[in-house]
Amino acid sequence: MRWVIGLSAAVIATTTACGGTDAPAEPPRTVTVTVTAPAPSPPAATPLPPADSAGTSWRMPDLVGSNLQDAQNAVQDLTEFQVPVTTSHDSTGAGRQQVMDRNWKVCSQSVAPGTTITKGARIDFGTVKLDETCR
């Protein structure tokens, strides 16, 4: 997103010389300032409500497009840490490790959105670095 702001200002320079006279004013100038805002982050996925009222099973949310750390947090929050661990892999096939989870985004998930999950569910996220395109 870009904003262009036009500013018009009359710049008047007044100088006092030995004789006490003022220098003539400069003509008005237009100054253009361009401000570039950072690209917005994709919104964090909103988990679906639990699949049952007893809190022993939940519906898997759609986390594709989320930041990897946000996706992991969403699963933990949804299940109240009954599914505390998820795994992830490099979707490019390069075998890179996701050491800093905030630097990766989710391209795929091993459990389809809306599928019922229970305690101990194994969830794996396919990821790429934030500046890369999902394949």
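The values are calculated or read from the model by the stated rules, or taken from the named source; none is laboratory data. Bear in mind that the values here come from a model prediction, so they are computed numbers and not experimental data. Here Cβ is always computed from backbone atoms with ideal geometry, including for glycine, and neighbour counts include all displayed protein chains.
Some notes on this structure:
- Residue-level check: of (1) without any contact (Cβ under 8 Å) to a residue 40 or more places away in the chain; (2) among the hydrophobic types (A, V, I, L, M, F, W, C); (3) within 27 Å of A54 (Cβ to Cβ), V75 misses just (1).
- Figure legend. Inter-residue proximity from the range 100-116: first residues more than 18 Å from T79 (Cβ to Cβ) and touching a residue at least 60 places away in the same chain (Cβ under 8 Å), second residues surrounded by fewer than 19 Cβ atoms within 10 Å (Cβ to Cβ) and of a type outside the set (S, T, Y), beta-carbon distance below 9 Å, spacing 6+ or different chains. Indicated pairs: K105/P42; K105/V64; K105/G65; K105/K129; K105/L130; K105/E132; K105/C134.
For (1) modelled with pLDDT of 95 or more; (2) touching a His at 6+ places or on another chain (Cβ under 6 Å); (3) more than 15 Å from R122 (Cβ to Cβ), each residue gets a yes or a no:
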| residue | (1), (2), (3) |
| --- | --- |
| P50 | no, no, yes |
| R59 | yes, no, yes |
| L68 | yes, no, yes |
| V75 | yes, no, no |
